[in-house]
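One structure below.
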Ligand code: HEM
């Protein structure tokens, strides 16, 4: 089964933007940067270096950190992903584990409820044209709210969380600029709730009150919401583009094994992380003659690693997993166990399965949109209610319209991404949020969260 990259006329443009983005990341980091795997150092070196104890620096010393901190603000300095190892990191990581803990049945039920809530808003007798990421983001906002507050999510909170998460991911994909004031509205809301003692979990004692608020905002109302939304959009778009796989899942919704295969294949071909980076704190041998010096920035390319060791790696083929075990092949959708893997590695597949089942139970999916890893188009898709079908001519006309619209959008968006991306790289370089934070730390000044007004 071919993954059909030529979904639109300008199928090459999203790829060109992705390639350019990787180049920009390398450039921003300066000279001491290596991307693995590469033509000299293959997947075995990738694995060894990623798991090496000296590949443990997270943000200090990489130009790329300024860019990520800029995109993730407010509070990137206390985001678990960007904290350096140490007491604070341990405290934060333990809190995340506590909040994510829950039994499978409860988590599945909560995810099903949240997704059902989003689908209830759609007409059940007419075809809907949606962007899958936009459709599911409010659902995951409500789900993550329940994880943190252990109560149903009120609409006001759901809207604040969705607006915040959407703003972060839109800026990260360079399809829009940042809106710090939009994000600040969620900060103010969370602050009131934390002060009022409404969070039933023990929050990291090593963080101040504003830092605790930023931690919740960054980890649960940005990363968790964004990652679950992106993953859901990917798997549903893959199903929309592969009707045979979709039909098999629909006919056997209880077939957990095949659904897991579909998720594995989706995450293999469209890993949510394009690149994860580390800064080395000691020398790491690359081979018999080359050594990575301390202070190097290593970019681990998930798509390149996931493309090695498979037959026909560009094809979307869930059946390949019938005889494969993830730990025996090049498959790390949630990172590597030895080096800060995703704390939601157990929860995510569970709730994604619930989401897919809920959607497929109600709708047939159809899409001609291009499918690239960053899905900057937010996954346009037709949702066709189960039951009596609309006339084939109406469906055909809708498909033609959507194909044309997506093709035009791919071209204009590509140009916009280049312009907005350049503006944000320059802005981040002038603000230097990460570099300034570590400068303050070094000089003994108490690092203060930098303030940014207006639109990013
Ligand atoms: C399908 C969904 C998800 C995927 C594929 C995913 C993937 C990943 C990957 C690959 C990493 C490691 C990156 C690296 O090595 O730098 C990571 C880290 C992380 N993820 Fe996820 N993630 C998902 C959902 C979530 C959710 C729901 C949360 C909720 C809190 C979460 C929170 C984090 C955090 C805090 C880290 C940093 C871990 C650390 O440095 O200690 N992720 N994720």
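Readers should treat all values here as calculations from the given coordinates under stated rules, not as data from a laboratory. Since we're looking at a predicted model, the values are computed, not measured. Here Cβ is always computed from backbone atoms with ideal geometry, including for glycine, and neighbour counts include all displayed protein chains.
Here the chain is treated as a Stokes sphere of Kirkwood radius computed over C-alpha pairs; at 10 °C and 1.306 mPa s its diffusion coefficient rounds to 69 µm²/s.
For the pair residue 206 and residue 56, a Förster radius of 22 Å applied to the C-beta separation gives a FRET efficiency near 0.70, rounded to the nearest 0.05.
At an R0 of 60 angstrom, the distance between the Cβ atoms of residue 430 and residue 120 translates into a FRET efficiency of 0.85.
Stretching the chain fully between residue 289 and residue 156 yields a gain of 42.0 nm (0.36 nm per residue, less the alpha carbon separation).
What FRET efficiency do you get for residue 315 and residue 394 if R0 is 35 Å and r is their Cβ-Cβ distance, rounded to the nearest 0.05? The formula returns an efficiency of 0.65 here. Straightening the chain between residue 445 and residue 251 buys 63.6 nm, computed as 0.36 nm per residue apart minus the Cα-Cα spacing. The overall shape of the stretch 198-247, judged from the alpha-carbon gyration tensor, is prolate: a/c is not under 1.5, and a/b is greater than b/c. Calculated mean residue ellipticity, 222 nm, the chain: -17000 deg cm²/dmol, from DSSP H runs (n ≥ 4) at -39500 (n - 2.57) each, averaged per residue and rounded to 500. Over the stretch 52-94, the ratio between the Cα radius of gyration and 2.2 N^0.38 Å evaluates to 1.17. Extent along the principal axes, Cα only, for the stretch 349-391: 35, 29, 10 Å, with the longest axis given first. The equivalent ellipsoid of the stretch 211-305 has semi-axes of 36, 22, 10 Å, largest first, where each one is the square root of 5 times an eigenvalue of the Cα gyration tensor. Computed across the stretch 130-208, the Kirkwood hydrodynamic radius from all distinct Cα-Cα pairs reaches 13.7 Å. For the stretch 249-375, dividing the convex hull volume of the Cα atoms by the residue count gives 141 Å³ per residue.
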